[in-house]
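Visitor: This is the structure I want to talk about, given as structure tokens.
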Amino acid sequence: MWDEEDTFGRWVQGLCAVPLLAWTYFAFDLIATGFSRGYSYRNEGVACTGVATAYFGYRCLRYAITGRDNINRDDYD
């Protein structure tokens, strides 16, 4: 499970990547418009979640496409 031949796991990771990357776009758009109106601590929180979701979305999408480096599994090869 969770290897290159696991098509179900790759589909799940691919479906998880879509909302994560959508939130990333929304967060960075909110940051761009928010910082142009003025600085606030709320924008910092949105920036942190945007960076985190960008990372996790990238990892999920990478596994869905290539089948390597799954985010749910540690490879100690």
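Visitor: From (1) at pLDDT below 75; (2) within 20 Å of the chain's Cα centre (by Cα); (3) not β-branched (Val, Ile, Thr), pick out the condition that doesn't hold for residue 41.
Guide: Here residue 41 meets the rest and fails (2).
Visitor: Sticking with this structure for a sec: Hey, among the residues in the stretch 1-38 that are surrounded by fewer than 11 Cβ atoms within 10 Å (Cβ to Cβ) and either of a type in the set (S, T, N, Q) or closer than 20 Å to residue 63 by Cβ (or both), which one's modelled with the lowest pLDDT?
Guide: Out of the qualifying residues, it is 1.
Visitor: OK, next. Out of curiosity, is residue 53 modelled with pLDDT of 85 or more and either out of contact with any Asp or Glu (no Cβ under 9 Å at 6 or more places or on another chain) or surrounded by 17 or more Cβ atoms within 10 Å (Cβ to Cβ) (or both)?
Guide: yes
Visitor: Between residues in the stretch 38-51 that are within 13 Å of residue 23 (Cβ to Cβ) and residues that are among the hydroxyl-bearing types (Ser, Thr, Tyr) and at pLDDT 75 or above, which pairs lie under 8 Å by C-beta distance while being six or more apart or on different chains?
Guide: These pairs meet every condition: 50/24.
The values are calculated or read from the model by the stated rules, or taken from the named source; none is laboratory data. Note that the coordinates shown come from a computational prediction; the quantities given were computed from them, not determined experimentally. A quick note on method: Cβ atoms are made from the backbone with ideal geometry, for glycine too, and the neighbour counts reach across all protein chains shown.
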